[in-house]
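What follows is a short report on a single structure.
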Amino acid sequence: MPRQPQPAPFDGALVVNKPQGKTSHDVVDAVRHLAGFRQVGHLGTLDPLATGVLVLLLGRATRLVRFYSGRRKRYTAGFRFGFATDTYDSDGEAQGPDAAPALDAATLERFAAERVGRFEQMPPAFSAKKIRGRPAYELARKKQVVELKAVEIEIFEYKLTGIEGNLARLVIECSSGTYIRSLAHEMGKKLGCGAHLAEITRTAVGEFSIEQAMDLEELAEAARGGKFAERLIPLEHLLPNFPRINVLPVVERRVRHGTNFNVSIAQIQPGKVEAVPGATVELDGGQPTAPRLRVFDQQNKLIAIAEAVVPRTYRPIVVFEALP
């Protein structure tokens, strides 16, 4: 008789401050080792060059990944002007000599302001975008032709914060799927001297911010002291922008069986999200096409995420098994 998989000992989210030089998968592997189980996923990768907010979901929280798609992101970045690179960042090969330009703040501010709003952006050839099932960067490394399609993105804030020699520092708030490397490359072309992304820190993803982020060393110390679970954002605190409802045991049984259930408007508590520091608005992905609810039992444990089928009637779309 096959053994039943054991539930993960921890459920929740972890906000890691990814160090430079590590891949997102490196961080996931490190957290799996510290947590002692493999059920760990992430809410979007960061390039090895990047530092900052990498959100991991652990245990049953991994089932919430789809509800976080489309969340806005916020970055601080350094664009190095003077030459472009083949990867659009400092890890790539220079595409010419250093032009050593003198940067004008007013010009850079104008270029940035022109890009606030919706537009189509061409992903870099050195990206994970798939071409006939293969990542584009594999073809680019072999000097093969990379044909990618432009993707519509949106920039909500694009602001110059300072200039240090040939390095311009900027704050960027953007839709999911935006390549900051491409913004740097584009600005270098406009200025006529080339540019690439020299440094970047992600400071927020949705409601998760750099103020919550922990270094891997801090997590390792917590694990050694038996306090790893205390570093997690509990499952019950995730998706705070979704309204919530507490149900009685008779309704709980219906929910756990995936059966439609009815609610009254008076039972629903509205969701709320506080904007992360510095953000222009709450960094969420907009309202879902159908209203969704977090469903809690009488002990305030999250038992399901439900979606409206008709007004006041909901269908469970994710149901969490009861813990032993």
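Just one of the numbered conditions (1) surrounded by 17 or more Cβ atoms within 10 Å (Cβ to Cβ); (2) modelled with pLDDT under 90 is not true of GLY271; which one?
(1)
Restricting to the range 97-118, count the residues that are part of a loop (DSSP other than H, G, I, E, B) and either closer than 25 Å to PHE156 by Cα or among the charged types (D, E, K, R) (or both). Step through it out loud before you land on a result.
Just the residues of the range 97-118 that are part of a loop (DSSP other than H, G, I, E, B), to begin with: 97-104, 115-116.
Narrowing further to those that are either closer than 25 Å to PHE156 by Cα or among the charged types (D, E, K, R) (or both): 98, 103-104, 115-116.
Qualifying residue count, the range 97-118: 5.
Given the options ALA99, ALA84, ALA13, name the one that is at pLDDT 95 or above and within 24 Å of ILE163 (Cα to Cα).
ALA84
Restricting to the range 172-207, count the residues that are of a type in the set (Asp, Glu) and part of a loop (DSSP other than H, G, I, E, B).
Of the residues in that region, 1 qualify.
Give LEU239, LEU302, LEU283 a once-over and let me know the one that is in contact with a Lys or Arg (Cβ under 7 Å, 6 or more places away or on another chain), buried (at least 19 other Cβ atoms within 10 Å of the Cβ), among the hydrophobic types (A, V, I, L, M, F, W, C) and modelled with pLDDT of 95 or more. I'd like the intermediate steps shown before the answer.
Numbers: LEU239 fails: modelled with pLDDT of 95 or more; LEU283 fails: modelled with pLDDT of 95 or more.
Residue meeting the stated conditions: LEU302.
Do any residues in the range 171-194 that are at pLDDT 95 or above have Cβ atoms under 6 Å from those of residues that are part of a helix (DSSP H, G or I) and not aromatic (Phe, Trp, Tyr), where the two are at least six apart or on different chains, and which pairs are they?
GLY194/GLY188
For (1) open to solvent by 40 Å² or more (accessible area, probe 1.4 Å); (2) within 30 Å of PHE83 (Cβ to Cβ), each residue gets a yes or a no:
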site: ARG181; (1), (2): no, yes
site: ALA184; (1), (2): no, yes
site: HIS196; (1), (2): no, yes
site: VAL205; (1), (2): no, no
site: PHE208; (1), (2): no, no
site: GLU211; (1), (2): yes, no
site: LEU216; (1), (2): no, no
site: ARG224; (1), (2): yes, no
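Filtering the range 208-239 down to residues that are of a type outside the set (Lys, Arg) and part of a loop (DSSP other than H, G, I, E, B), which residue is nearest to LYS272 (Cα to Cα)?
Per the stated criteria, the residue is LEU239.
Scan the range 5-16 residue by residue and report those that are in contact (Cβ under 8 Å) with a residue 60 or more places away in the chain and assigned to a loop (DSSP other than H, G, I, E, B).
Hits for the range 5-16 are PRO7, PRO9, PHE10, ASP11.
The values are calculated or read from the model by the stated rules, or taken from the named source; none is laboratory data. All of these numbers come straight from a predicted model, not from anything done at the bench. Don't worry about glycine lacking a Cβ; one is built from the backbone with ideal geometry, like all the others, and counts go over all protein chains shown. Accessible surface areas use protein heavy atoms only, side chains included; no ligands, DNA or RNA. Shrake-Rupley method; radii C 1.70, N 1.55, O 1.52, S 1.80 Å.
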